[in-house]
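For reference, the structure discussed in these notes is given below.
The values are calculated or read from the model by the stated rules, or taken from the named source; none is laboratory data. From a predicted model like this one, the values you see are computed outputs, not experimental measurements. Backbone-built Cβ (ideal geometry, glycine too); neighbour counts: all protein chains shown.
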Amino acid sequence: MKTSGIMGTRRKARECALQMLFAADVAKTLEASVLTGNYWMELGEPTLDEATREFSNQLTVGSLREGEKIDETIRTRAEHWRIERMAIVDRNVLRLAVYEFLFTDTPHTVIINEALEIARRFSTFEATQFINGILDAIKHDLEKNHVETPAEIKEESNEKTHASSR
């Protein structure tokens, strides 16, 4: 199945980020800048545009930086599953998606759909069901508790700035 346009490049960026997180998970010692640099020099597709690479790097670096918060969010819904016992691909698909949930303004449904497409490509059928269940539960938790995204926080800040300048 061929994808095109913005969704295709963003999915490709997510796939590259997954590969970098996989490498970081296996190596357990790579610094984010070394990880991303090595990936693009050795493994990354040379034909990818700069925006795709940048989005991939943002997902990778952000997921690594916010790892504790991301893993704690996953733990709240991964009942009877320790993260370190999950398949490496599956836990990193979850980590990428939860990073996007918490730190980007991408719609949650889009994030889940992208995670499932990537899981179908890199993992098993059972894993997609597992990932879907956890991400859907986290999505409902976030919507119920209305955790603000960075875009909403920025919008509120802009509104306050405009209101105070009147």
Pairs where the first residue, in segment 102-121, is without any contact (Cβ under 8 Å) to a residue 60 or more places away in the chain and crowded, with 20+ Cβ neighbours inside 10 Å and the second is not hydrophobic (A, V, I, L, M, F, W, C) and not in a helix (DSSP H, G or I), C-beta under 9 Å, 6+ apart: Ile111/Thr104
Matching option when the condition is under 26 Å from Thr124 (Cβ atoms) and at pLDDT 95 or above, among Glu66, Glu15, Glu84: Glu15
Single residue of Ala24, Ala17, Ala97 found to be over 24 Å from Thr109 (Cβ atoms) and buried (at least 19 other Cβ atoms within 10 Å of the Cβ): Ala24
Among the candidates Arg82, Arg65, Arg95, residue that is within 26 Å of Gln129 (Cβ to Cβ) and without any contact (Cβ under 8 Å) to a residue 40 or more places away in the chain: Arg82
Selected residue (criterion: surrounded by the fewest Cβ atoms within 10 Å (Cβ to Cβ)) from residues of segment 68-79 that are free of Cβ contacts under 8 Å to residues at least 24 places away in the same chain and more than 14 Å from Gly133 (Cβ to Cβ): Glu68
Only listed residue being at pLDDT 95 or above, over 17 Å from Ala119 (Cβ atoms) and not assigned by TED's automatic domain parsing to the domain that holds Ile134, chosen from Thr60, Thr29, Thr47, Thr73: Thr60
Test result for Ala51, of a type in the set (Gly, Ala, Ser) and surrounded by 16 or more Cβ atoms within 10 Å (Cβ to Cβ): no
Enumeration of residues in segment 23-50 that are closer than 16 Å to Ser63 by Cβ and acidic (Asp, Glu): Asp25, Glu31
Count of segment 138-164 residues which are surrounded by 15 or more Cβ atoms within 10 Å (Cβ to Cβ) and either at pLDDT 95 or above or more than 19 Å from the chain's Cα centre (by Cα) (or both): 2
